[in-house]
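The values are calculated or read from the model by the stated rules, or taken from the named source; none is laboratory data. Computed from a prediction, not measured in an experiment: that's the story for all the values here. Note that we place each Cβ from the backbone using ideal geometry, even for glycine, and neighbour counts take in every protein chain shown. With ligands, DNA and RNA removed, areas are computed over all heavy atoms of the protein, side chains included. Shrake-Rupley method; radii C 1.70, N 1.55, O 1.52, S 1.80 Å.
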Amino acid sequence: MKGKSEVRAMLRPGVYKQIAPVLFGSKMAAQAGKKAKELGVGRLLLVCDEGIRQTGMDSKMEHILKESGLIVTTWYGVQTDCPDGTVEEAVRIIGENHIDGVLGLGGGSVLDTAKVIAAAAANGLEILGEVLEYLSGAKSYAHHPLPLILMPTTTGTGSESTFVAVVTSSALDAKVGLPCAADCAIVDPELTMSVPPFVTAFTGLDALSHANEALAEKKNTPHSDLLAFEVVRLIKTYLPAAVADGSDREAREHLAFASNLAGIAFNESGVHIGHACAHALGHLYHVPHGVCCANLTPAVIELQARAYPEKMKRLGLIMGAKISTDEPGEIGKKAADAVRAFAKELGIPSLNEQGFTEAQILEALPIVLNDPLGYAYDGQITEEEIRFILKRAYRGSYGGN
Ligand code: NAD
């Protein structure tokens with residue numbers, strides 16, 4: 001039964017998943033060409049953004065791929081949060097050059113854009129007008145997406161191990177999920193060494209938010225819990241070190257592992273109300289996804305503590321909270337406070353500090369009400385609960401109602 005001791009409780013039944021093999025570790029990037037060949041690719045589209053071009057990783061990757069005998073075209077047209085119109089050019093390039101595989105090298109925006117390109121190149125750009133039909137399973141692709149390799153260069157989204165691409169739909173005027181998964185993920189921590197401190201901080205808190213929401217989404221399993229709690233421990237241990245010193249290899253490596261584990265955890269379980277709110281706020285105000293998640297996670301913890309006090313107590317204790325009570329409301333506040341303080345120490349600005357008004361934040365409410373993700377929480381999400389999450393995220397304290 002929900003809310004009872006995990007030590008002596010029966011295990012909850014569930015489906016354990018991992019959708020694609022993950023090559024994890026330093027220097028694994030060198031395997032990319034070999035993996036593409038194994039997937040039957042001869043001509044490959046390397047998908048990057050301008051930020052990756054500035055690091056020089058794109059040309060190193062081109063070299064690795066060409067050494068394996070691949071014909072490579074590099075495309076830099078990725079924009080943050082994958083506006084759906086941006087993939088049109090990439091799909092045209094694929095058609096003109098008879099390209100038969102896609103490799104995404106970058107943060108979540110790049111990985112998700114690469115997913116959308118792989119799906120749209122095989123099935124036509126029309127799929128972008130019917131994202132919710134594909135997401136709900138009402139429609140399925142006529143053709144398998146092009147072979148797809150994903151190589152994350154940030155440590156937050158875990159997109160390389162999830163079944164979905166977050167795309168900004170022009171038809172729906174919202175951030176929504178289009179199904180598409182990698183055939184192979186390559187997680188090489190070396191690729192993350194150049195991530196600036198602020199991006200390191202907010203992507204780490206994105207991974208923390210995945211772990212937190214995976215603990216309470218309705219498909220949660222003992223397996224996703226195991227991964228999620230380890231993610232919380234790794235983020236608490238290593239994120240401050242990587243933000244303070246980006247050249248800390250040990251911290252970077254553990255964060256790359258944590259981000260991927262969090263992706264596997266929430267691909268199996270799910271994310272819910274926090275992400276529905278983060279997508280709405282990200283779409284309305286273009287706040288980086290991880291900054292939205294960092295501000296929302298404490299409020300989500302409070303909500304989840306009502307149904308899952310033991311899990312939220314354990315999470316709070318890992319995050320350094322002193323919790324001696326078993327009272328769900330108190331557990332929620334103490335665990336939330338620990339995460340809020342952690343984010344503040346890492347330099348994540350509150351919504352208030354970013355200049356928003358509470359009324360602006362509450363403008364997300366009708367969008368969240370229409371987002372299927374909002375209803376993925378185990379409890380009954382009501383308008384009142386969404387209002388609670390948004391207000392708490394804004395105020396960051398317990399005053400008012
Ligand atoms: P991002 O991909 O937008 O990248 C942020 C910035 O960091 C960019 O300017 C980028 O160029 C730069 N960057 C990336 N790697 C770098 C490196 N190694 N060195 C220097 N700069 C680097 O940010 P993100 O947080 O990784 O991704 C956010 C996106 O991912 C959002 O659209 C979010 O909705 C989506 N997302 C998807 C999933 C999923 O399962 N598909 C999960 C969570 C988030």
Enumeration of residues in the stretch 30-57 that are more than 11 Å from the ligand (Cβ to nearest atom), part of a helix (DSSP H, G or I) and open to solvent by 10 Å² or more (accessible area, probe 1.4 Å): Ala30, Gln31, Lys34, Lys35, Lys37, Glu38
Residue check, Leu303 more than 13 Å from the ligand (Cβ to nearest atom), in the same structural domain as Leu208 (by the TED database) and either modelled with pLDDT under 95 or among the aliphatic types (A, V, I, L, M) (or both): yes
Among residues of the stretch 217-241, those that are in contact (Cβ under 8 Å) with a residue 60 or more places away in the chain and of a type in the set (A, V, I, L, M), counted: 2
So Val195, is it of a type in the set (Val, Ile, Thr), modelled with pLDDT of 95 or more and either touching a Ser or Thr at 6+ places or on another chain (Cβ under 6 Å) or not assigned by the TED database to the domain that holds Leu103 (or both): yes
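Okay, residues lined up against (1) under 30 Å from Ser136 (Cβ atoms); (2) of a type in the set (Ser, Thr, Tyr):
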{"site": "Gly290", "(1), (2)": "yes, no"}
{"site": "Ala307", "(1), (2)": "yes, no"}
{"site": "Lys311", "(1), (2)": "yes, no"}
{"site": "Ile318", "(1), (2)": "no, no"}
{"site": "Arg340", "(1), (2)": "no, no"}
{"site": "Ala343", "(1), (2)": "no, no"}
{"site": "Glu353", "(1), (2)": "no, no"}
{"site": "Thr357", "(1), (2)": "no, yes"}
{"site": "Ile361", "(1), (2)": "yes, no"}
The stretch 1-16: number of residues that are open to solvent by 80 Å² or more (accessible area, probe 1.4 Å) and at pLDDT 85 or above: 6
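Residue-by-condition table, conditions (1) of a type in the set (Gly, Ala, Ser); (2) open to solvent by 10 Å² or more (accessible area, probe 1.4 Å); (3) more than 13 Å from the chain's Cα centre (by Cα):
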position: Ser209; (1), (2), (3): yes, no, no
position: Leu234; (1), (2), (3): no, no, yes
position: Leu255; (1), (2), (3): no, no, yes
position: Ile264; (1), (2), (3): no, yes, no
position: Gly270; (1), (2), (3): yes, no, no
position: Ala276; (1), (2), (3): yes, no, no
position: Asn295; (1), (2), (3): no, yes, yes
Filtered residue count, the stretch 58-68, keeping only those that are part of a helix (DSSP H, G or I) and touching a helix residue (DSSP H, G or I) at 6+ places or on another chain (Cβ under 7 Å): 5
From the options Ala185, Ala228, residue that is assigned to a strand (DSSP E or B), small (Gly, Ala, Ser), open to solvent by less than 10 Å² (accessible area, probe 1.4 Å) and in contact with a Ser or Thr (Cβ under 9 Å, 6 or more places away or on another chain): Ala185
Any chance Asp84 is within 15 Å of the ligand (Cβ to nearest atom), touching a strand residue (DSSP E or B) at 6+ places or on another chain (Cβ under 7 Å) and among the charged types (D, E, K, R): yes
Within the stretch 91-111, considering residues that are in a helix (DSSP H, G or I) and within 16 Å of the ligand (Cβ to nearest atom), the one farthest from Gly124 (Cα to Cα): Gly108
Residue list for the stretch 156-170, filter: within 9 Å of the chain's Cα centre (by Cα), small (Gly, Ala, Ser) and in a loop (DSSP other than H, G, I, E, B): Gly156, Gly158
Filtered residues of the stretch 150-172 (kept if touching a Lys or Arg at 6+ places or on another chain (Cβ under 6 Å) and of a type in the set (S, T, N, Q)): Thr168
Residues located in the stretch 188-202, provided they are hydroxyl-bearing (Ser, Thr, Tyr) and in a loop (DSSP other than H, G, I, E, B): Ser194
Near pairs, Cβ below 7 angstrom, 6+ apart or cross-chain, from the stretch 81-106 (in the same structural domain as Pro152 (by the TED database)) to any residue that is in a strand (DSSP E or B) and open to solvent by 60 Å² or more (accessible area, probe 1.4 Å): Asn97/Arg43; His98/Arg43; Ile99/Arg43; Asp100/Arg43
Filter result for Ala181 (in the same structural domain as Ile64 (by the TED database) and more than 6 Å from the ligand (Cβ to nearest atom)): yes
Qualifying positions in the stretch 297-328 - hydroxyl-bearing (Ser, Thr, Tyr) and either open to solvent by 40 Å² or more (accessible area, probe 1.4 Å) or farther than 21 Å from Gly396 by Cβ (or both): Tyr308, Ser324, Thr325
